[in-house]
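Please read the structure below before turning to the comments.
Laboratory data are not the source of any read-out in this text; all were calculated from the coordinates shown. Computed from a predicted model, the values in this text were never measured in an experiment. FYI the Cβ positions are ideal-geometry reconstructions off the backbone, even for glycines, and counts take in every protein chain you see.
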DNA sequence: GCTAAGTCAAGAGCAGCGCTCTCTTTTGTT
DNA sequence: AACAAAAGAGAGCGCTGCTCTTGACTTAGC
């Protein structure tokens, strides 16, 4: 392995020890950053504190991380990735044909991750950190995994003929909105009718609304003794909104 | 009016000039705080900056406001009050018997206020400010006005016999949740059946989920060209969820 | 009218922050 | 062994929230 560096101008020589050490240090910084995020919140995230925990003087971390904002970006990507992984795993464990179960698994996975990592959740879905603008080219990819997964579930259900546009629901779509929804349909090659794409977006935002209320403590402290029950009820109703009927024949 | 101070040991002598000046200064501090909140965000709210704008040395503001957290509390109460007022006004302008219109007015009022005052909205419904705990005894009152208004609308509709529990929706409620919902029913003397109280809570959190997604820019920048259309569509679906049928005879 | 109590602004100071610059040490490579 | 690149150390700038002391001023009671 050591000799391979002879591939002189080769495209991918396998990392010098320096590069290895550097990568490891950055990973340590992100790990410590996550700890601080969890214990003190995003606004209190301090490069100096991370440096202390790293056993290094404050200015040294600037060799690895350009700025506090850069660290926030790394944490953002890290968190999006973790959420996406957990959602994918949960959805993958549900039976392939049971689209309603897959939707419920997605929702529960989001909630459980959010409750386990409230600081990371707040970073992703709470108030934007003032003065910080996430670089879209690095964050939109990881940031869209949940909605892509959700739309994928609905589309699969639609193709399987198991999605019914609710009876009450044939609201007339205004033209601009219809065009925007049509653009989404074609961009993702969806089978879903536009009305159900719109409902998918509603379900998406409602899901995160419910999670946010719970994570951010908008319900009183003692109003709901078993919040998971309330959340499951919400999920069941939302599944209906999206057109996923309660355990159909299959 | 000026002589009235003669009511010596009376319960409410009409404010000494000192008290008047003090009240005015506190109001000024809140006003400047709101400006800073709007321009720089909650985390960057700085008493020193407020002091500068007030034309006073930094330590002087501590005579009026106990701490930065105290100022946050004042801003919180101020914002809750403003949101509550706007919602009440909007709901009040809709025809008394048209419960669906009242609901739509409530939702639009929330959205419009949130888009107009994104920083205040973030303070109320975004990530909790780390290290800050809102004093419940001062904030729960103003903080519950929207949900109280929403539940009031649904209850009025229910009493008028215009609320129908949706056909698809008779989900069995687990016992603890049912008990919690029953407690809410009796606390507010509601006519609403428990299933519809639960749906009211869902609609509540969904409403704020939709507003948060828009205010916090979770949709891409160009996904929906007329967000109001999407929001109105969401509101229409949510009205259905809550049991408010589309413009029934009334 | 004068004195005592209460009120308030100012300034210095502490510890923490992000970030930059310069200088020294370490480390991998030749 | 010699050298250049990388990394750490330290000082320093301007900012933050907050505390404490000092001095000026306003109000209230005798």
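Numerical summary
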read-out	value
Qualifying residue in segment B:73-84 (condition: away from chain A (no Cβ under 14 Å), surrounded by 19 or more Cβ atoms within 10 Å (Cβ to Cβ) and more than 16 Å from DNA strand D (Cβ to nearest atom))	yes
Selection within segment B:189-200 - closer than 13 Å to residue A:234 by Cα and more than 7 Å from every other protein chain (Cβ to nearest Cβ)	B:195, B:196, B:197, B:200
Any hit, segment A:48-62, residues being within 21 Å of the chain's Cα centre (by Cα) and either in contact (Cβ under 8 Å) with a residue 12 or more places away in the chain or more than 25 Å from residue B:132 (Cβ to Cβ) (or both)	no
Any hit, segment B:180-202, residues being more than 27 Å from residue A:107 (Cβ to Cβ), assigned to a helix (DSSP H, G or I), free of Cβ contacts under 8 Å to residues at least 60 places away in the same chain and out of contact with any helix residue (DSSP H, G or I) (no Cβ under 7 Å at 6 or more places or on another chain)	yes
Answer residue from segment B:96-129, given it is out of contact with any helix residue (DSSP H, G or I) (no Cβ under 6 Å at 6 or more places or on another chain) and not in a helix (DSSP H, G or I) and is nearest to the other protein chains (Cβ to nearest Cβ) among those	B:126
In segment A:30-49, the residues that are within 8 Å of DNA strand C (Cβ to nearest atom), surrounded by 15 or more Cβ atoms within 10 Å (Cβ to Cβ) and over 22 Å from residue B:41 (Cα atoms)	A:49
Filter pass, residue A:69 being within 14 Å of another protein chain (Cβ to nearest Cβ), under 26 Å from residue B:131 (Cβ atoms), surrounded by 14 or more Cβ atoms within 10 Å (Cβ to Cβ) and more than 9 Å from DNA strand D (Cβ to nearest atom)	yes
Segment A:134-163: number of residues that are in contact (Cβ under 8 Å) with a residue 40 or more places away in the chain and either within 12 Å of chain B (Cβ to nearest Cβ) or part of a loop (DSSP other than H, G, I, E, B) (or both)	8
Test for residue A:137: is it within 16 Å of DNA strand D (Cβ to nearest atom) and farther than 27 Å from residue A:242 by Cα	no
Unmet criterion (only one of (1) farther than 21 Å from residue A:94 by Cβ; (2) surrounded by fewer than 18 Cβ atoms within 10 Å (Cβ to Cβ); (3) more than 7 Å from chain B (Cβ to nearest Cβ)) for residue A:215	(2)
